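Read the structure below first, then the notes.
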Amino acid sequence: MFDRVPGGLLLRVRLTPGASRDGLDAWQGDAAGQVHLAARVRAVPEKGKANTALVALLAKQLAIPKRDIDVIRGATSRLKTVRLTADEVVQARIVAQLEAFSDERKPD
């Protein structure tokens, strides 16, 4: 899901570019047991447009500045690791928001 790191959070996201609308969907698990937040954007996966759209979507949904969001892993992959830079108060608010997303993982 997400990990707390000094100065922020690391968030695992599975991005679907070229979707009919932008949105954050739900927490999902994959066959390897990794949990990620499913996101979709209208932007196409060319020249970083989908990553830019993901940053804008996260900024809007989590109410943090775009400058505090970086795709640090998976720039050309659907599975991405995103770093959210935030102080402890903002981290607590973001964690509450992230935990509110529905959970589509299958129970063990």
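The values are calculated or read from the model by the stated rules, or taken from the named source; none is laboratory data. Keep in mind that what you see is a predicted model, and the values were worked out from it rather than measured. Because the Cβ atoms are built from the backbone with ideal geometry, glycine has one as well, and the counts that use them run over all protein chains shown.
Scanning the range 21-37 for residues that are aliphatic (A, V, I, L, M) and in contact (Cβ under 8 Å) with a residue 60 or more places away in the chain returns L24, A26, V35, L37.
Please go through the range 44-59 and give me each residue that is at pLDDT 95 or above and small (G, A, S), ordered by number. Passing the criteria: A50, A53, A56, A59. Taken over the range 23-43, residues that are assigned to a loop (DSSP other than H, G, I, E, B) and modelled with pLDDT under 95 amount to 5. Within the range 63-102, the set of residues being surrounded by 11 or more Cβ atoms within 10 Å (Cβ to Cβ), touching a strand residue (DSSP E or B) at 6+ places or on another chain (Cβ under 7 Å), assigned to a loop (DSSP other than H, G, I, E, B) and on the phi < 0 side of the Ramachandran plot comprises I64, R78, A86, F101.
Within the range 28-54, being crowded, with 19+ Cβ neighbours inside 10 Å and either within 15 Å of the chain's Cα centre (by Cα) or under 19 Å from G8 (Cα atoms) (or both) holds for H36, L37, A39, R40, V41, A50, N51, A53, L54. Could we say that R12 is more than 12 Å from the chain's Cα centre (by Cα) and basic (K, R) here? Considered against the rule, which asks whether it is more than 12 Å from the chain's Cα centre (by Cα) and basic (K, R), R12 comes out as no.
Looking at G23, G18, just one residue is in contact with a strand residue (DSSP E or B) (Cβ under 7 Å, 6 or more places away or on another chain), of a type outside the set (D, E, K, R) and surrounded by fewer than 16 Cβ atoms within 10 Å (Cβ to Cβ), and that residue is G23.
Only one residue in T76, T81 is touching a Pro at 6+ places or on another chain (Cβ under 9 Å) and hydroxyl-bearing (S, T, Y), so which one is that? So that I can check it myself, show each step before the final result.
Numbers: T81 fails: touching a Pro at 6+ places or on another chain (Cβ under 9 Å).
The conditions single out T76.
Residue count for the range 60-108 under the criterion of being of a type in the set (K, R) and modelled with pLDDT under 90: the result is 2.
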